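Colleague: Below are the structure tokens for one structure; questions will follow.
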Amino acid sequence: MRLEGIHHITAITGDAQRNLDFYTRVLRLRPAAKTVNPDDPTVYHLFYASEQGQPGSELTFFEYPRAIPGRAGAGMVHRIVWRVGSEASLDFWAERLEAQGVEVDRESGAVIFADFEGLTHELVVNTSGDEPLVADHPEVPAEHALQGFDGVRAYSDDTAMTRRVLEEVLSAEDRGDDTWELRGERRGGWVAYEPAPLERGRQSAGTVHHIAWGTSVAEHPRWEEHLSQVGIPTSGIVDRHYFHSIYFREPSGVLFEIADDGPGFTVDVPMEELGSKIILPPKFEPHRDEIEPRLTPLSDPRAGWVRR
């Protein structure tokens with residue numbers, strides 16, 4: 001079995017409205033779902049993605065209102081790496097971000113920046129050959145849109161055991177420099193490990209909670225069997241409404257998830273209505289009158305704009 005690169009990445013925010021503004025207005029991702037944390041329905045779980053809401057493009061956030069700033073440390077992802085179409089696209093985004101007041105670090109072949117809570121992103125030219133996963137927006141040329149995830153950078157002081165899990169259990173390929181690629185038939189993605197800072201990490205606003213690797217509905221149960229057979233403790237299979245999940249920590253401490261590719265966001269609403277209303281998982285729907293008033297009111301960022 002081979003994993004299909006990154007399925008989604010989940011992070012934490014302390015301000016849902018500013019988060020929605022940054023990722024839909026500045027980065028111009030599509031709001032794919034506005035729902036609640038399945039383990040805590042008093043807080044949002046926001047999803048941003050490509051126009052079709054495809055795995056490989058899904059960035060999600062748990063909102064914990066007024067959460068203090070977090071800090072990435074050992075056993076945590078500290079940077080999300082996105083694909084763009086060309087060097088011209090890197091120029092476009094560097095100019096776009098600076099015009100929005102976002103500080104940009106332009107390195108050879110990359111644009112590096114952080115959101116308003118310090119979550120770091122990196123843009124690189126897509127050389128994967130994978131399908132670009134882009135979101136439509138009337139103000140951004142399609143050729144410059146973000147094309148989905150390329151990889152993530154994490155902190156670890158010792159990758160010896162992580163190497164064994166990645167290569168022997170998850171069938172990842174060593175790309176050198178403590179970087180491993182997980183590639184299936186359709187897509188690939190990578191995780192790179194760098195020496196951890198001395199200061200301990202703190203998971204809060206502006207930090208990544210976990211990274212999910214993709215698989216099919218058919219193979220998902222086989223991954224649970226496989227992980228159990230090699231002695232890796234897991235969460236078991238968890239129904240996350242839009243997909244099914246298996247959680248476990250790799251030896252460096254990074255929380256991994258294996259997520260399948262069904263049923264997707266249109267299980268609730270038609271494609272054209274994704275992200276426009278609050279969706280509650282079926283078990284919480286009877287309590288909507290109690291849950292919805294406790295959530296931050298968020299407008300539909302696509303209301304009123306005209307498609308190309």
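The values are calculated or read from the model by the stated rules, or taken from the named source; none is laboratory data. Computed from a predicted model, the values in this text were never measured in an experiment. Note that we place each Cβ from the backbone using ideal geometry, even for glycine, and neighbour counts take in every protein chain shown.
Colleague: Could you say which residue among Pro281, Pro301, Pro293, Pro297 is over 15 Å from Ala33 (Cα atoms) and modelled with pLDDT under 95?
Modeller: Going through Pro281, Pro301, Pro293, Pro297 in turn, just one is over 15 Å from Ala33 (Cα atoms) and modelled with pLDDT under 95: Pro293.
Colleague: Filter region 201-230 down to the residues that are aliphatic (A, V, I, L, M) and under 21 Å from the mean Cα position of the chain (by Cα) and list them by number.
Modeller: Ala205, Val208, Ile211, Ala212, Val217, listed by residue number.
Colleague: So, in region 107-127, of the ones that are among the hydroxyl-bearing types (Ser, Thr, Tyr) and either part of a strand (DSSP E or B) or within 14 Å of Arg83 (Cα to Cα) (or both), which residue ends up farthest from the chain's Cα centre (by Cα)?
Modeller: Among those that are among the hydroxyl-bearing types (Ser, Thr, Tyr) and either part of a strand (DSSP E or B) or within 14 Å of Arg83 (Cα to Cα) (or both), it is Thr127.
Colleague: In addition: Any idea which of Asp115, Asp105, Asp130, Asp136 is modelled with pLDDT of 95 or more and touching a Lys or Arg at 6+ places or on another chain (Cβ under 7 Å)?
Modeller: Being modelled with pLDDT of 95 or more and touching a Lys or Arg at 6+ places or on another chain (Cβ under 7 Å) holds for just one of Asp115, Asp105, Asp130, Asp136, which is Asp130.
Colleague: Mind checking which residues of region 20-44 are within 30 Å of Trp180 (Cβ to Cβ) and among the polar types (S, T, N, Q)?
Modeller: Asn37
Colleague: Okay, next question. Please verify whether region 148-169 includes one or more residues that are in contact with a Leu (Cβ under 7 Å, 6 or more places away or on another chain) and either under 17 Å from Arg83 (Cα atoms) or free of Cβ contacts under 8 Å to residues at least 60 places away in the same chain (or both).
Modeller: Yes: one or more hits.
Colleague: Mind telling me which of the residues Arg79, Arg106, Arg71, Arg66 ends up being touching a His at 6+ places or on another chain (Cβ under 8 Å), farther than 27 Å from Glu273 by Cα and of a type in the set (D, E, K, R)?
Modeller: Arg79
Colleague: In this structure, does Pro38 turn out to be closer than 26 Å to Gly253 by Cα and at pLDDT below 95?
Modeller: Yes; evaluated as a whole, the condition is true for this residue.
Colleague: For residues in region 55-103 being among the hydroxyl-bearing types (Ser, Thr, Tyr) and over 29 Å from Arg294 (Cα atoms), which is surrounded by the most Cβ atoms within 10 Å (Cβ to Cβ)?
Modeller: By that ranking, first place goes to Ser89.
Colleague: Right, Ser216: modelled with pLDDT of 95 or more and more than 24 Å from Ala154 (Cα to Cα) or not?
Modeller: The answer is yes for Ser216.
Colleague: Also: Within 18 Å of the chain's Cα centre (by Cα), in contact (Cβ under 8 Å) with a residue 60 or more places away in the chain and under 16 Å from Leu119 (Cα atoms): which single residue out of Val102, Val77, Val84 fits that description?
Modeller: Step by step, each of Val102, Val77, Val84 is checked, and only Val77 is within 18 Å of the chain's Cα centre (by Cα), in contact (Cβ under 8 Å) with a residue 60 or more places away in the chain and under 16 Å from Leu119 (Cα atoms).
Colleague: Here is a follow-up. Could you grab the pairs with beta carbons closer than 9 Å, sequence gap of 6+ or different chains, first residue in region 22-46 and more than 17 Å from Leu123 (Cα to Cα), second one at pLDDT below 95 and among the small types (Gly, Ala, Ser)?
Modeller: Arg30/Gly275; Pro31/Gly275; Pro31/Ser276; Ala32/Gly275; Ala33/Gly275; Lys34/Gly275; Lys34/Ser276; Leu46/Gly275
Colleague: In addition: So which pairs qualify, if the first residue must be in region 271-287 and closer than 18 Å to Glu58 by Cα, the second must be of a type in the set (Ser, Thr, Tyr), the Cβ gap must be under 6 Å, and the two must be at least 6 apart or on different chains?
Modeller: So the pair list comes out as Ile279/Thr35.
Colleague: Next question. In region 217-231, is there at least one residue being closer than 17 Å to Ile9 by Cα, touching a strand residue (DSSP E or B) at 6+ places or on another chain (Cβ under 8 Å), free of Cβ contacts under 8 Å to residues at least 60 places away in the same chain and not aromatic (Phe, Trp, Tyr)?
Modeller: For region 217-231, residues closer than 17 Å to Ile9 by Cα, touching a strand residue (DSSP E or B) at 6+ places or on another chain (Cβ under 8 Å), free of Cβ contacts under 8 Å to residues at least 60 places away in the same chain and not aromatic (Phe, Trp, Tyr): absent.
Colleague: Here is a further query. Just to check your reading of the model, which residue among Gly262, Gly275, Gly231 is among the small types (Gly, Ala, Ser) and at pLDDT 95 or above?
Modeller: Unique residue meeting the criteria: Gly231.
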